[in-house]
1. Tell me which strands (runs of 3 or more DSSP E) are completely within segment 111-165 and hold 2 or more residues being surrounded by fewer than 11 Cβ atoms within 10 Å (Cβ to Cβ) and at pLDDT 90 or above, or say none if there are none.
2. On the basis of being in a strand (DSSP E or B), within 15 Å of the chain's Cα centre (by Cα) and modelled with pLDDT of 85 or more, does F201 make the cut?
3. G94: assigned to a strand (DSSP E or B) and at pLDDT below 90, yes or no?
4. How many residues are within 25 Å of the chain's Cα centre (by Cα), surrounded by fewer than 19 Cβ atoms within 10 Å (Cβ to Cβ) and farther than 22 Å from E263 by Cβ if we restrict to segment 215-241?
5. Any idea how many residues of segment 68-112 are within 26 Å of L240 (Cα to Cα) and in contact with a Leu (Cβ under 7 Å, 6 or more places away or on another chain)?
6. Report whether or not L212 is within 13 Å of K283 (Cα to Cα) and assigned by TED's automatic domain parsing to the domain that holds I281.
7. Is it true that some residue in segment 70-84 is surrounded by 20 or more Cβ atoms within 10 Å (Cβ to Cβ), within 17 Å of I123 (Cα to Cα), outside the structural domain of E289 (by TED's automatic domain parsing) and of a type outside the set (D, E)?
8. Which pairs have Cβ atoms under 6 Å, sit 6 or more apart or on different chains, and link a residue in segment 263-283 that is crowded, with 18+ Cβ neighbours inside 10 Å to one that is assigned to a loop (DSSP other than H, G, I, E, B) and among the basic types (K, R)?
Amino acid sequence: MSSNNYIEQKKNTHLYFSVGGNKYAVNTDNVLEIMKLPELDYPQKLPNNIIGLLKYNNFVINIIDIRFYLNMEVPKYSINNELLIIKTDEVIFGIITDKVLGILPFDSAYVDAIPFVDRKMIIESIYKYQNETIFIINIYAIENLLKEHDTSSTEIDILSLFPQDEAAQSIMKKRTLAIADKSNLKLASGELHAKNKYISFNLSDDSYCIELSYVKEVLKDTSITNVPGTPDFIEGIMNLRGDYITVINLKKFLNLKNSKDNEKNPVIIVKCNELKLALLIDKINELFEFMETDTAENSEGYFSQELIYNGMLYTILNVEKITSDKRIIVTDM
């Protein structure tokens with residue numbers, strides 16, 4: 001792949017999520033982190049339909065719900081809601097979502113611009129994907145709205161939208177404390193633009209992650225076709241928009257404990273050394289960014305190193321080593 005094509009594909013890689021039954025997306029370059037809903041601060045009066053404030057990496061950031069900007073009904077939140085932490089060149093803010101669905105490279109041929117977009121319209125274009133419509137968020141329109149400091153407020157009692165039971169509040173409070181502990185690393189503002197982003201996932205009961213620069217797509221379920229006569233760790237092939245990709249069962253490939261089969265087939269599609277592979281895993285977790293000081297000692301082989309994030313130990317897969325392994329046989333389909 002030429003450098004121009006790589007830059008274009010990277011620019012078009014989006015994280016997509018659901019809100020109120022619709023699907024929306026933002027460019028992965030603008031996503032700092034994904035987290036479960038923490039406890040937010042809520043002063044007496046907040047502008048711009050902001051649902052709360054969160055201290056994040058020594059910044060106090062606004063958390064918004066795009067439904068307010070789109071005049072949609074806003075249901076009550078739960079501890080399962082997820083926050084996207086978004087950065088532009090000037091601001092950092094959070095978007096509450098129902099669920100993060102995955103990562104996709106958007107083919108520009110299927111992106112339709114909205115001709116009447118203005119600086120305050122938060123939907124800038126539409127992407128057609130597998131007979132579904134994904135609305136692409138204009139984060140810079142949100143940035144402009146946040147800068148205006150509009151003192152108008154919604155008629156909805158924002159506090160009443162959050163879980164009120166003691167158990168849920170305790171969970172959200174613990175999440176907020178974990179964010180505060182991480183903030184003690186004293187990130188400088190320039191470091192928020194670091195490229196150290198990772199996708200985390202589970203293999204059995206252990207946590208792993210892959211550097212985002214290798215990741216082309218993340219799919220929570222996919223159809224896999226078995227290919228007779230292949231090594232045991234090759235689960236089969238998958239057809240991704242006409243592109244046949246070899247699916248590697250990571251637990252078998254790495255000789256890890258193999259628990260019972262998952263009902264779904266979540267895969268992370270990676271590309272390295274001009275080879276594209278689908279890595280079959282047990283569960284996709286989150287996207288996060290970490291500092292060099294978080295990493296543990298380097299290791300060898302298929303695991304490049306370990307890192308500690310929010311009190312959990314993650315093993316980083318060595319994608320270069322895996323994709324160069326001579327045991328992987330890929331034939332042109």
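1. Fully inside segment 111-165 and qualifying: nothing.
2. Yes; evaluated as a whole, the condition is true for this residue.
3. no
4. Number of matching residues: 1.
5. Result for segment 68-112: 3.
6. no
7. Within segment 70-84 (the criterion being surrounded by 20 or more Cβ atoms within 10 Å (Cβ to Cβ), within 17 Å of I123 (Cα to Cα), outside the structural domain of E289 (by TED's automatic domain parsing) and of a type outside the set (D, E)), the answer is yes, since at least one residue qualifies.
8. Matching pairs, first to second residue: P266/K220.
The values are calculated or read from the model by the stated rules, or taken from the named source; none is laboratory data. From a predicted model like this one, the values you see are computed outputs, not experimental measurements. Note that each Cβ is placed from the backbone with ideal geometry, even for glycine, and that neighbours are counted across all protein chains shown.
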